[in-house]
Amino acid sequence: MAVLQGAGERVEVAYEPDRDDVRHLMSVWLRTSKTGRGLLVRFVLFVLVVVGFGAWMLSSGGISGSFVAEAALTGLFVFVITPWFYVRALRRRIVGRGPCRVVVEPAGITVAQGEEQSQRDWSSVTRYVETPERFLLLATDDRIASGVLLPKRGIREPGGADGLRALLDRHSRRV
């Protein structure tokens, strides 16, 4: 339910997190953070190096095809399987706690989920991303996939998304 007091003074978002929310969180983090973009660049470079080096060595007769396959499997494990386990654990942690209630107001952001409640001031959330279905508040430290997810489906009041957008624009920067 969105509670609008004054001109976007306080917005409450209540929702049940799902798998798509976590997937969206990770995809936005990969696109917007230096660390996430670095991971993508390293993955592409690794693939190019393995393919190029493997083709060169195979054509010169220097190595067997099994080495190239082993290098490719190592890269698959490092760049695909390991992050998949991380996302899976994150999804279980977020989705497994049950309904989430987030209150966004000029003083900061309060997140309550399950038995836990945390408060963040605006200095820890300096940027946000808006997509057609969600707002995502990004943590200042972009080395970790952290932020506050605000699905628009959790805003019940008419005009609540506009009030939330106005509040976010006042206290953080849209990415």
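The values are calculated or read from the model by the stated rules, or taken from the named source; none is laboratory data. The shown structure was predicted, so the numbers you read here are calculated from the model rather than taken from an experiment. Note that we place each Cβ from the backbone using ideal geometry, even for glycine, and neighbour counts take in every protein chain shown. For the accessible areas, the whole protein counts, side chains as well, though only heavy atoms, and no ligand, DNA or RNA atoms are used. Shrake-Rupley method; radii C 1.70, N 1.55, O 1.52, S 1.80 Å.
Rounded to the nearest 20 debye, the dipole magnitude of the chain is 280 debye, with +1 charges on Lys and Arg beta carbons, -1 on Asp and Glu beta carbons, and the Cα centre as origin.
With springs only between Cα atoms under 10 Å apart, run a GNM on the chain and tell me which of 30, 58, 137 wobbles the most. Result: 58 has the largest fluctuation of those listed. Could you work out which residue, out of 129, 87, 49, moves most in a Gaussian network model of the chain, that is, has the largest mean-square fluctuation with Cα springs under 10 Å? Result: 49 has the largest fluctuation of those listed.
A value for Rg/Rh (Cα atoms, Kirkwood Rh) was derived from the coordinates, and within the list (i) 0.99; (ii) 1.14; (iii) 1.11 it appears as (ii). Between residue 80 and residue 119, residue separation times 0.36 nm minus the direct Cα-Cα distance comes to 10.7 nm. A probe of 1.4 angstrom, applied to the heavy atoms of all protein chains, finds residue 43 with accessible area near 80 square angstrom. Counted by Cβ distance under 13 Å from residue 18, the other residues give a net charge of +3, where Lys and Arg count +1 and Asp and Glu count -1.
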